[in-house]
1. Looking at A3 and the list (1) under 20 Å from G121 (Cα atoms); (2) surrounded by fewer than 22 Cβ atoms within 10 Å (Cβ to Cβ); (3) touching a helix residue (DSSP H, G or I) at 6+ places or on another chain (Cβ under 7 Å); (4) at pLDDT below 95, which single condition is not satisfied?
2. Please tell me if P55 is modelled with pLDDT of 95 or more and more than 16 Å from S124 (Cα to Cα).
3. With E91, E100 as the choices, which residue is acidic (D, E), on the phi < 0 side of the Ramachandran plot, part of a helix (DSSP H, G or I) and surrounded by 16 or more Cβ atoms within 10 Å (Cβ to Cβ)?
4. For segment 56-89, give me the residue count where each residue is of a type in the set (S, T, N, Q), over 13 Å from the mean Cα position of the chain (by Cα) and within 14 Å of G11 (Cα to Cα).
Amino acid sequence: MKARNGRIVIGIGCRKQCYVGEIIELVHTALEKSDIAISDVAIIATPWVKNDAEPIIHTAEALDLPLVVIPKERCEEVANLAQTVSQKVVELFAVPSIAEVAALAAAGKNPRLVCARITSGGASCAIAIGDCDLEETNPASGFVV
C-alpha cells in the first residue's frame, strides 16, 4: 500500500522492560499483514505516557524514522476510532489502545486503521493512514523526539 497525499503512521506502545528487537519484529509483522513497505511509513508515533520509553526511541532510530510523541488531548480526540480496547490501558490512561490512538492521532485528517493493534509479550503496534500533506511538519501537534 502506498500513501498518495497521505501519511502512514506506525503507533507503538511497550512495557518498560521491552526489547527493541521485539518491537521491530512486531512492526515488521504489522507491515507484512498490511502489505506496507517500511519505506512508505512517514513516522512512528507514541502517546504522551511513553515519551521517554527508550525501547521506542531506539526502535525509531533503528528503523530510521522520526518519532513523534502525541499529547494526551489529541489521543483522546481520536479514541472513538480505535478498534480494540485494553481495559488496563483504559483504567491507567483513559484511552482504549496506546498503539491505535497514537497512530490515528498522528495520521492527519480522516485517520483510519489499516492494521488494528497487534501485540507481543511486551509491545503493541498499530498502523493508520490519514489524508494529509506529507510535507506537513509537526503532525498531530505532537513533538518530535
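The values are calculated or read from the model by the stated rules, or taken from the named source; none is laboratory data. Since the structure is predicted, the reported quantities are computational estimates derived from the model, not experimental observations. We place every Cβ from the backbone using ideal geometry, glycine too, and count neighbours over all the protein chains shown.
1. (1)
2. Details: modelled with pLDDT of 95 or more: yes; more than 16 Å from S124 (Cα to Cα): no.
No: the conditions fail for P55.
3. Numbers: E91 fails: surrounded by 16 or more Cβ atoms within 10 Å (Cβ to Cβ).
Exactly one of E91, E100 is acidic (D, E), on the phi < 0 side of the Ramachandran plot, part of a helix (DSSP H, G or I) and surrounded by 16 or more Cβ atoms within 10 Å (Cβ to Cβ), namely E100.
4. Kept after step one, since they are of a type in the set (S, T, N, Q), are these residues of segment 56-89: 59, 80, 83-84, 86-87.
Still in the running and over 13 Å from the mean Cα position of the chain (by Cα): 80, 83-84, 86-87.
Next cut, within 14 Å of G11 (Cα to Cα) only: 83-84.
Total meeting the criteria: 2.
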